[in-house]
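See structure below.
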Amino acid sequence: MAHNEIMTVNMGPQHPSTHGVLQLILELDGETVVKATPHIGFLHRGVEKLSEHRTYHQTIPLTDRLDYLAPMSNNLGYVLAVEKLLDITDKIPARANTVRVMLAELTRLKSHLVWLATHALDIGAMTVFIYCFREREAIMDIYEKISGARMTSNYFRVGGLSADLPAGITDDIRAFAVAMPDHIEMYEGLLTGNKIWQKRTMGVGCIDAAAAIDIGLTGPALRSSGVDWDLRRDNPYSGYEDYDFEVITRAEGDTFARYKARLDEMRESCKIINQALDKLAPGPILADCPKVCLPPKKDVVNSIEGLIHQFKIITEGFKPEAGEVYQGIEAPKGELGFYLVSDGSAQPYRMKIRPPSFVNLQALPQMVEGSLLADVIAAIGTLDIVLGEIDR
Amino acid sequence: MDPVLLSFSNDPLLFSGVMVLKIIVTFSVLMGIVAYATWVERKVIGHMQTRLGPMETGWHGLLQPIADGLKLFFKEDIIPAEASKVSFVLAPVMILVPALITIAVVPFGPDLVIGGYIIPQQITDLNIGILFVLAMAGLGIYGIVLAGWSSNSKYSLLGGIRSTAQVISYELAAGLSLVAVFMLGESLSLRDIVAVQIQPLNQVAGFLGFLPEWIPNWHIFSQPVAFVLFVICGMAEINRTPFDLPEAETELVSGFCTEYSSMKYAMFFMAEYANMVIISAIAVTLFLGGWHGPFAGSVNLLIKIFGFMFFFIWIRATWPRVRYDQLMFLGWKVFLPLALANVMLTGLVVVLLQ
């Protein structure tokens with residue numbers, strides 16, 4: 001070490017700021033990063049391979065564990081892909097779509113809250129962390145009431161939802177969506193105007209629009225580099241075209257821009273949740289596709305068709321026609337895509353996931369090389385990566 | 001007979017006895033504050049963050065510092081195989097001892113007259129008091145550097161290097177901000193500096209004669225710039241947020257003390273809080289009139305020290321951490337010129353008023 005001017009530091013997989021089990025091999029000249037090499041794979045569980053031996057419905061709980069900070073978004077991306085494969089996208093009832101949009105936006109808030117909390121904590125502002133987790137806890141309570149689980153929701157089904165919303169939950173969601181902008185105001189009060197925060201984030205980890213497109217950045221990270229691209233508006237799904245919201249873009253492409261963009265996005269999410277609550281009307285929650293969706297319990301007990309359908313779906317699953325589809329959604333962290341190939345059997349021939357974090361992580365070396373060690377922490381935080389979906 | 005200053009030559013026995021008593025009392029109070037500063041910090045930050053802090057050990061967690069101490073005491077004391085043993089063991093001592101002995105020059109009350117002797121409420125009145133404080137502060141940094149270096153761990157090394165970079169950036173400004181103070185008091189002894197501050201402000205500065213009698217000549221009024229500089233540099237000195245770069249939990253995984261465990265770690269911990277008490281005490285003595293105030297001497301001092309410590313804790317709960325090149329920039333390009341300008345201005349005013 002004494003005779004070598006470049007010091008190699010193993011950052012992670014056990015490190016408080018690598019957001020899980022990311023390992024970075026940093027080559028340092030003093031504190032300046034000469035080279036950063038991310039090593040991934042410590043959390044690999046083979047979700048893609050596992051899905052080839054499961055029926056389509058059995059894969060939904062696996063998707064909870066991809067981006068474990070935004071389980072409902074993963075559920076949504078997957079069921080949309082399967083619905084596209086079955087060509088039943090148009091048959092999804094309005095209520096199911098509205099609930100999906102509402103919960104997807106709630107999930108975006110949940111994911112962004114964890115991002116802000118950990119990002120601020122990494123840079124040293126510890127109070128924001130606790131405040132964000134307090135609000136996240138409220139979302140977890142809503143999750144629990146709806147799906148029975150705080151994190152692994154497993155709530156959406158191919159063709160709709162697994163169950164209707166519990167009574168009174170809309171009041172909880174409304175109260176949360178109304179109170180949330182004030183909370184965001186408070187986080188901004190603690191950070192945005194703070195000179196130290198500005199110094200630590202402005203001009204740090206810059207990515208320009210061309211580089212962002214080359215790398216394949218998506219989500220807030222792309223929009224903060226000045227590229228106006230949001231799948232919710234540009235390739236809408238689940239009826240996003242009926243909602244009134246702004247796509248937040250910023251030109252600077254630095255850590256501060258990404259911070260502001262995500263906060264503004266959280267405000268937009270609150271708007272969407274409110275609109276969805278206004279729209280929410282009673283109705284069916286599952287598509288009328290008896291070969292795909294489980295029949296209601298009373299049909300199973302009272303009619304022979306219901307019994308047969310339930311038996312077939314449970315024991316065998318449904319068999320989409322041979323073909324392939326790709327469905328991308330605007331997950332909190334960027335474009336989450338599911339590519340499904342069916343050979344006509346009850347299991348997918350191949351499932352390929354395009355996780356936003358995996359692609360976004362590619363930007364890290366470019367963002368940090370030439371900057372200081374402290375900026376590496378800021379850059380990891382601002383990319384908002386989750387190792388669960390990087391390693392899959 | 002007029003009372004005379006108690007010294008070793010006029011009554012060796014009494015002098016030694018009083019000295020030992022003063023040392024014991026000061027040390028116990030200091031260690032008590034250090035122990036309970038950890039509790040207060042956790043409580044205050046807890047309540048600021050909508051939490052409760054420690055609640056289980058004793059009433060509202062009041063026994064927590066003792067439990068923490070016991071826990072650390074019984075932990076296995078690990079010395080890494082690759083570490084340089086002697087300096088690894090020496091480093092925590094080198095941080096803690098300078099932190100503790102700085103308190104010797106802080107006056108904590110007016111002189112007492114007992115049995116014909118004047119007994120100052122101060123362990124020792126060095127005529128180079130401020131220099132001694134700065135020297136001890138500088139010495140403490142060696143402990144951090146040594147700890148970072150001897151651990152033979154890369155994160156610790158980076159922490160140690162950071163603290164060297166930090167010390168040269170803020171100590172100059174801290175020292176220069178104090179120059180302005182002893183230009184006013186014309187003494188380096190902390191006792192004399194307090195004595196100057198006790199006088200009413202309207203008598204010291206004739207042109208302020210309209211002010212009421214009770215406003216004292218605290219240096220915070222005459223040297224606000226120096227005060228702000230010293231407090232900021234003090235935060236850097238004691239390695240607390242926003243200048244906790246050598247530690248930097250989320251960057252360097254606790255930096256220089258990554259490899260330390262058990263009582264050695266506890267010593268770093270105690271040194272951090274002892275330093276916090278000392279810096280508060282020095283700032284209070286130099287700028288806020290020391291023990292001067294409405295209550296009995298040492299009570300005033302303690303109240304002001306606690307005020308400062310609350311301020312430091314509050315800062316920690318609120319602010320992010322600066323980057324180390326930004327701290328160097330602040331130290332060299334902002335604080336140093338400001339401190340120099342302040343010294344020049346003070347000199348000019350002192351000459352003009354004579």
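Before we move on, is A:Thr152 of a type in the set (Val, Ile, Thr), open to solvent by 10 Å² or more (accessible area, probe 1.4 Å) and assigned to a helix (DSSP H, G or I)?
no
Pick from A:Thr127, A:Thr98: which is within 14 Å of chain B (Cβ to nearest Cβ) and of a type in the set (S, T, N, Q)?
A:Thr127
Please work out which residue is nearest to the other protein chains (Cβ to nearest Cβ), limiting yourself to the stretch B:193-203 and to residues that are assigned to a helix (DSSP H, G or I) and open to solvent by 10 Å² or more (accessible area, probe 1.4 Å). Talk me through it step by step, then tell me what you get.
Start the filter on the stretch B:193-203 by keeping residues that are assigned to a helix (DSSP H, G or I), which leaves B:193-198, B:201-203.
This time we only want the ones that are open to solvent by 10 Å² or more (accessible area, probe 1.4 Å), so: B:195-196, B:198, B:201-203.
Details: B:Ala195: 38, B:Val196: 35, B:Ile198: 37, B:Leu201: 33, B:Asn202: 37, B:Gln203: 40 Å.
So, considering only residues that are assigned to a helix (DSSP H, G or I) and open to solvent by 10 Å² or more (accessible area, probe 1.4 Å), the one nearest to the other protein chains (Cβ to nearest Cβ) is B:Leu201.
Determine if the stretch B:245-253 includes at least one residue that is of a type in the set (A, V, I, L, M, F, W, C), part of a loop (DSSP other than H, G, I, E, B), within 14 Å of another protein chain (Cβ to nearest Cβ) and surrounded by 24 or more Cβ atoms within 10 Å (Cβ to Cβ).
yes
Give the residue, chosen from B:Phe227, B:Phe287, B:Phe221, that is modelled with pLDDT of 80 or more, surrounded by fewer than 24 Cβ atoms within 10 Å (Cβ to Cβ) and either away from every other protein chain (no Cβ under 14 Å) or in contact with a strand residue (DSSP E or B) (Cβ under 7 Å, 6 or more places away or on another chain) (or both).
B:Phe227
Out of the stretch A:274-313, which residues are within 25 Å of the chain's Cα centre (by Cα) and in a helix (DSSP H, G or I)?
A:Asn274, A:Gln275, A:Ala276, A:Leu277, A:Asp278, A:Lys279
Do we find a residue being without any contact (Cβ under 8 Å) to a residue 24 or more places away in the chain and outside any strand (DSSP E or B) anywhere in the stretch A:34-52?
yes
Can you tell me which residues in the stretch B:62-85 are in a helix (DSSP H, G or I) and within 26 Å of B:Ile238 (Cβ to Cβ)? Even if it seems obvious, please write down each step before you answer.
Within the stretch B:62-85, the subset in a helix (DSSP H, G or I) is B:64-74, B:85.
B:Gln64, B:Pro65, B:Ile66, B:Ala67, B:Asp68, B:Gly69, B:Leu70, B:Lys71, B:Leu72, B:Phe73 - these are the residues of the stretch B:62-85 that are in a helix (DSSP H, G or I) and within 26 Å of B:Ile238 (Cβ to Cβ).
Let me confirm something: among A:Leu165, A:Leu116, which residue is in a helix (DSSP H, G or I) and either within 14 Å of chain B (Cβ to nearest Cβ) or closer than 30 Å to A:Lys297 by Cβ (or both)?
On inspection, the qualifying residue turns out to be A:Leu116.
Can you name the residue in the stretch B:154-192 that is closer than 22 Å to B:Leu288 by Cβ and polar (S, T, N, Q) and, of all such residues, is most open to solvent (accessible area, probe 1.4 Å)?
Residue satisfying both the conditions and the ranking: B:Ser187.
Residues in the stretch B:306-329 that are under 29 Å from B:Thr164 (Cβ atoms), open to solvent by less than 50 Å² (accessible area, probe 1.4 Å) and more than 12 Å from chain A (Cβ to nearest Cβ): how many?
3
Looking only at the stretch B:30-77, how many residues end up being open to solvent by 70 Å² or more (accessible area, probe 1.4 Å), under 19 Å from B:Ile305 (Cα atoms) and more than 14 Å from every other protein chain (Cβ to nearest Cβ)?
Looking only at that region, the number is 1.
Condition test on A:Val341, is it of a type in the set (A, V, I, L, M, F, W, C) and without any contact (Cβ under 8 Å) to a residue 40 or more places away in the chain?
yes
Can you tell me how many residues within the stretch A:189-214 are farther than 22 Å from A:Leu372 by Cβ and more than 14 Å from chain B (Cβ to nearest Cβ)?
Let us first name the residues in the stretch A:189-214 that are farther than 22 Å from A:Leu372 by Cβ, namely A:189-190, A:192-193, A:209-210, A:212-214.
Going one step further and asking which of them are more than 14 Å from chain B (Cβ to nearest Cβ), we end up with A:209-210, A:212-214.
Qualifying residue count, the stretch A:189-214: 5.
Hey, any hits in the stretch B:158-174 for a residue that's in contact with a helix residue (DSSP H, G or I) (Cβ under 7 Å, 6 or more places away or on another chain), among the polar types (S, T, N, Q) and under 21 Å from B:Leu100 (Cβ atoms)?
Yes.
If you scan the stretch A:1-56, which residues turn out to be touching a helix residue (DSSP H, G or I) at 6+ places or on another chain (Cβ under 9 Å), open to solvent by 70 Å² or more (accessible area, probe 1.4 Å) and either within 14 Å of chain B (Cβ to nearest Cβ) or farther than 30 Å from A:Leu340 by Cβ (or both)?
Matches in the stretch A:1-56: A:Met1, A:Asn10, A:Lys35.
The values are calculated or read from the model by the stated rules, or taken from the named source; none is laboratory data. Owing to the predicted nature of the structure, the values given are computational and were not obtained by experimental measurement. Quick reminder, even Gly has a Cβ in these numbers, built from the backbone with ideal geometry, and neighbours come from all protein chains shown. Heads up: the accessible areas ignore ligands, DNA and RNA and are worked out on the full protein's heavy atoms, side chains in. Shrake-Rupley method; radii C 1.70, N 1.55, O 1.52, S 1.80 Å.
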